[in-house]
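This report refers to the structure that appears directly beneath it.
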Amino acid sequence: MDYKFLEIERDAHIATLWLNRPERLNTLSPEVMAEIEQAARSFLEDEETRVVIFAGRGKHFCAGADLQARQDANAAPPSLLMARRQSGLGGRMIRAISEMKQVTIAAVHGAGAGGGCCIPVACDFRIGSDDCKIGYPEVQRGMNLMWGALPQCVHLIGPARAKRMIMLGNLEPAETLLEWGFLDEVVPREELMDRALEMAADYAARPPIAVQMIKESVNAVANAFDAATMHMDVDQNILSSKTEDLQEGIAAFLEKREPEFKGR
C-alpha cells in the first residue's frame, strides 16, 4: 500500500517503517497518525516480517503533535461527541503499535517529543543516538499526557522518574534516559540504524511463534491494568483544551516565548 507520510522498507524478515515528513520534523497530524495506525495494523496480515523498526527521516525522529494542525482544527470545533472520538486517534495509533505481533524497535535520533516519545515507549525496545533528546512537553503547553502513554512510562522508569519526566516536560538527554532504563542502548548517531538492524536480526533469527507468544505474555503481565487506569485521558484532554492555560501554552510555543500560566 502507498502512504503519503510513511515509507516501509522490507529486507527478508525485517521491516523499517520510516516517518517521512522531514520538512515538518515528522510532526503528527491526524493524517500521519491515521497512516501509522493503518500501517501497524497491516502487519497483522504479514507472515514474513518478524521485526519492525520505527525510524524517522530528516533531522529528528519526531517533534510531536502538529500544533498548527490542532489550531486549524480549533477554528471549526466539532461537536463534543465527535471531539471525543477524534481525540482518541492518538490512543488508537499507540495501541496499534503496542499490539503488533512482531518485535518492535524504535531507533530515535534528534528530538523525540510528545507523540514522538509515545511511539518509542509503545515499542518493545528503544535505541537512541547519543545526541537524542526525548520527553513529554505536553505540560508546557497546558495539556495532560494522553494516548495511554503515562502507565507505559511508569513501567519503564518507575513512578518518581515518570512524575519528573511528565510534570516538568523537559526533553531528557540520551545519557540520562539510558541510566533510567528508558533507552536500552545509546550509540553514535552514524551507527544508529546499523545497530537497530543488528538487534533486529538477532530477534528475527529466533523462532517467531515462540518469540511472539513471549511478547504477548510479558505485555499482558506488565500492562494488565493500563486500560482501567487511563480510560479517561481523552476526556481530561478535552477538559484541558477549554482552559486559558492551554491556549497560552500553544501560543507561547508558536511565538517562541515562555508561557505564563495562571491556572485558568
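The values are calculated or read from the model by the stated rules, or taken from the named source; none is laboratory data. Only a predicted model underlies this, so the values are computations on that prediction, with no experimental measurement involved. No Cβ is skipped: glycine too gets one built from the backbone with ideal geometry, and neighbour counts run over all protein chains shown.
Criterion first (exposed (fewer than 13 other Cβ atoms within 10 Å of the Cβ) and either in contact with a strand residue (DSSP E or B) (Cβ under 6 Å, 6 or more places away or on another chain) or at pLDDT 95 or above (or both)) does residue 44 satisfy it?
In short, yes.
Considering only residues of segment 155-172 that are free of Cβ contacts under 8 Å to residues at least 60 places away in the same chain and of a type outside the set (A, V, I, L, M), which is surrounded by the most Cβ atoms within 10 Å (Cβ to Cβ)?
Step by step, filter segment 155-172, then rank; the result is 172.
Sort out which residues of segment 246-264 are of a type in the set (Asp, Glu) and assigned to a loop (DSSP other than H, G, I, E, B), and write them in order of number.
The answer is 255, 258, 260.
Is it true that some residue in segment 67-82 is modelled with pLDDT of 80 or more and basic (Lys, Arg)?
no
How many of the residues in segment 205-245 are modelled with pLDDT under 85, in a helix (DSSP H, G or I) and over 21 Å from the mean Cα position of the chain (by Cα)?
Counting residues in segment 205-245 that are modelled with pLDDT under 85, in a helix (DSSP H, G or I) and over 21 Å from the mean Cα position of the chain (by Cα) gives 1.
For segment 170-188, give me each residue that is within 17 Å of residue 114 (Cβ to Cβ) and of a type in the set (Phe, Trp, Tyr).
Passing the criteria: only 182.
Check off (1) surrounded by 15 or more Cβ atoms within 10 Å (Cβ to Cβ); (2) in contact with an Asp or Glu (Cβ under 9 Å, 6 or more places away or on another chain); (3) of a type outside the set (Ser, Thr, Tyr); (4) under 30 Å from residue 158 (Cβ atoms) for residue 248 and give me the number that stays unchecked.
Exception for residue 248: condition (4).
Is there any pair linking a residue in segment 71-98 that is over 30 Å from residue 217 (Cβ atoms) and of a type in the set (Ser, Thr, Tyr) to one that is modelled with pLDDT under 90 and part of a helix (DSSP H, G or I), with Cβ under 8 Å and at least six apart or on different chains, and which?
Going by the 8 Å Cβ cut-off, the qualifying pairs are 87/234; 87/237; 87/238.
From 135, 142, 112, grab the single residue that is in contact with an Asp or Glu (Cβ under 9 Å, 6 or more places away or on another chain), small (Gly, Ala, Ser) and without any contact (Cβ under 8 Å) to a residue 60 or more places away in the chain.
Exactly one residue qualifies, and that residue is 135.
What strands (runs of 3 or more DSSP E) lie completely within segment 82-131 and have 2 or more residues being under 12 Å from the mean Cα position of the chain (by Cα) and surrounded by 24 or more Cβ atoms within 10 Å (Cβ to Cβ)?
103-108, 111-113
Would you mention how many residues in segment 176-229 are more than 17 Å from residue 14 (Cβ to Cβ), among the polar types (S, T, N, Q) and surrounded by 14 or more Cβ atoms within 10 Å (Cβ to Cβ)?
Counting residues in segment 176-229 that are more than 17 Å from residue 14 (Cβ to Cβ), among the polar types (S, T, N, Q) and surrounded by 14 or more Cβ atoms within 10 Å (Cβ to Cβ) gives 3.
Just checking, how many residues over segment 137-163 are assigned to a helix (DSSP H, G or I), farther than 26 Å from residue 218 by Cα and out of contact with any strand residue (DSSP E or B) (no Cβ under 7 Å at 6 or more places or on another chain)?
4
Somewhere in segment 10-22, is a residue touching a Ser or Thr at 6+ places or on another chain (Cβ under 8 Å), assigned to a loop (DSSP other than H, G, I, E, B) and farther than 18 Å from residue 109 by Cβ?
Yes - at least one qualifying residue is present in segment 10-22.
Any idea how many residues of segment 138-152 are touching a Ser or Thr at 6+ places or on another chain (Cβ under 8 Å) and over 14 Å from residue 94 (Cβ atoms)?
Here the count works out to 3.
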